Amino acid sequence: MNAPHLPPLKILLAAPRGFCAGVDRAILVVERALEKYGAPVYVRHEIVHNHHVVDSLKAKGAVFVDEISDVPDGVPVIFSAHGVPKSVPAEAQARKLTYVDATCPLVSKVHVEAERHAREDRHIFLIGHTNHPEVIGTMGQVAPGTMTLIETVADVQKAAPPTGKKLAYVTQTTLSVDDTAEIIAALQKRFPEIAPPRKEDICYATTNRQSAAKAIATRCDVFIVIGAPTSSNSNRLVEVAQRSGCGFAQLVEQASMIPWDRIKPGSVLGLTAGASAPEVLVDDVIAMARQRFEVTVEQVTVTEETVKFSLPRVLHS
């Protein structure tokens, strides 16, 4: 008996997509810590913003908590890839806890920049999103009052830095490249002497994934981003697809959440994944699409990524 004829669907697969070097490193930090210290290993906050990743690490013996105060005495604790305020390792040291810092090295670079500006007595504008863990961590590198959070161009016009202070700016690593460029332009127009970072703060992976989304969005009828609703870089990918000309773009955590009724026979589906979403979730989407359509897949690659980060020294032995 012949299989029923399925309607056609073309999937444009953005590349690069999914895990970045910082996320790969953070997950490996937890796995190596479990090997070295044995379960349980505690992790302050989600190691990365993805339930699939967090659940798989829980199954291996990781315990996720909100604060250091939730960690029992005598067990190791890991800090998430987003970075933490200085008060967090200070509290761990005060309690004599063994801790491993899984902060992405590119986030750590922003922390170093902020500390340098503070030492040079500059007031710092941090371009980022309120209450994002990375923003909380970056603001916690300097004394209160040293930094002002800027979310929009309108915030630039309202900003009132201390009179007579030299100024600088840093940014969250997972922002929209285009939005951030607008905010930086507004800062530079209002404060011509403002000091920039020595090197771009938005990370290579965020930039590459946004470039890949732009490269296919104009060809797509529907654009799906696999990622967590709490993931900044994933949310930015949806915005990039919409602004680049795709009529319908949506963030979903997994294949079962895709609005299949919006995907018509003969249409083109764009597909990518945020930097903390594993490739298996992309595979699941393609597999589910094949149950409904005769699928052809075209991968569109804008660049190849070769970045790798070493593990913290404490895990080398």
Region 5-16 residues that are closer than 30 Å to Glu305 by Cα, paired with ones that are of a type in the set (Ser, Thr, Tyr) (beta carbon under 7 Å, 6 or more apart): Leu9/Ser267; Lys10/Thr296; Ala14/Thr272; Ala15/Thr301; Pro16/Thr303
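Table: residues versus (1) over 25 Å from Ser108 (Cβ atoms); (2) polar (S, T, N, Q); (3) at pLDDT 95 or above.
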site: Ile136; (1), (2), (3): no, no, yes
site: Leu149; (1), (2), (3): no, no, yes
site: Val156; (1), (2), (3): yes, no, yes
site: Ala168; (1), (2), (3): no, no, yes
site: Gln188; (1), (2), (3): yes, yes, yes
site: Glu193; (1), (2), (3): yes, no, yes
Give region 104-121 a look and list any residue that's in a helix (DSSP H, G or I) and either touching a residue at least 24 places away in the same chain (Cβ under 8 Å) or among the hydroxyl-bearing types (Ser, Thr, Tyr) (or both), or say none. Pro105, Leu106, Val107, Ser108, Lys109, Val110, His111, Glu113, Ala114, Glu115, His117, Ala118
Tell me, yes or no, whether region 9-30 has at least one residue that is touching a strand residue (DSSP E or B) at 6+ places or on another chain (Cβ under 6 Å), surrounded by fewer than 18 Cβ atoms within 10 Å (Cβ to Cβ) and under 30 Å from Lys214 (Cα atoms). no
Test set (1) surrounded by fewer than 22 Cβ atoms within 10 Å (Cβ to Cβ); (2) without any contact (Cβ under 8 Å) to a residue 60 or more places away in the chain - Arg243 fails condition number: (2)
Pairs with Cβ under 6 Å, 6+ apart, first in region 122-137 and surrounded by fewer than 21 Cβ atoms within 10 Å (Cβ to Cβ), second among the polar types (S, T, N, Q): His132/Ser232
Given the condition under 29 Å from Pro7 (Cα atoms) and at pLDDT below 95, answer yes or no: does some residue in region 237-245 qualify? yes
For Ile202, all conditions in the list (1) at pLDDT 95 or above; (2) in contact with a Ser or Thr (Cβ under 8 Å, 6 or more places away or on another chain) hold save one; what is the number of the exception? (1)
Looking only at region 166-187, decide whether some residue is over 20 Å from His117 (Cβ atoms), more than 18 Å from the chain's Cα centre (by Cα), among the small types (Gly, Ala, Ser) and surrounded by 21 or more Cβ atoms within 10 Å (Cβ to Cβ). no
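State whether one or more residues within region 31-54 are in contact with a Gly (Cβ under 6 Å, 6 or more places away or on another chain), among the aliphatic types (A, V, I, L, M) and within 30 Å of Asn235 (Cα to Cα).
We begin by selecting, within region 31-54, every residue in contact with a Gly (Cβ under 6 Å, 6 or more places away or on another chain); these are 34, 39-40.
Among the residues that remain, those that are also among the aliphatic types (A, V, I, L, M) are: 34, 39.
Imposing the further condition that a residue be within 30 Å of Asn235 (Cα to Cα) reduces the set to none.
The answer is no, given that none of the residues of region 31-54 is in contact with a Gly (Cβ under 6 Å, 6 or more places away or on another chain), among the aliphatic types (A, V, I, L, M) and within 30 Å of Asn235 (Cα to Cα).
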Those residues of region 31-46 which are in contact with a strand residue (DSSP E or B) (Cβ under 7 Å, 6 or more places away or on another chain) and among the aliphatic types (A, V, I, L, M), in sequence order: Ala33, Leu34, Val41, Val43
All but one of (1) at pLDDT 95 or above; (2) within 29 Å of His132 (Cα to Cα) hold for Val48, so report the exception by its number. (1)
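If a residue counts only when it is among the β-branched types (Val, Ile, Thr), which helices (runs of 4 or more DSSP H) contained entirely in region 4-103 have at least 2 such residues?
Numbers: elements: 21-37, 51-60, 87-94.
In region 4-103, the matching helices (runs of 4 or more DSSP H) lie at 21-37, 51-60.
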Could you tell me which residue of region 33-54 is farthest from the chain's Cα centre (by Cα), considering only residues that are among the charged types (D, E, K, R) and crowded, with 19+ Cβ neighbours inside 10 Å? Arg44
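The values are calculated or read from the model by the stated rules, or taken from the named source; none is laboratory data. This structure is a prediction, so every number in the text was calculated from the model and none was measured. Glycine gets a Cβ as well: all are built from the backbone with ideal geometry, and neighbour counts include every protein chain shown.
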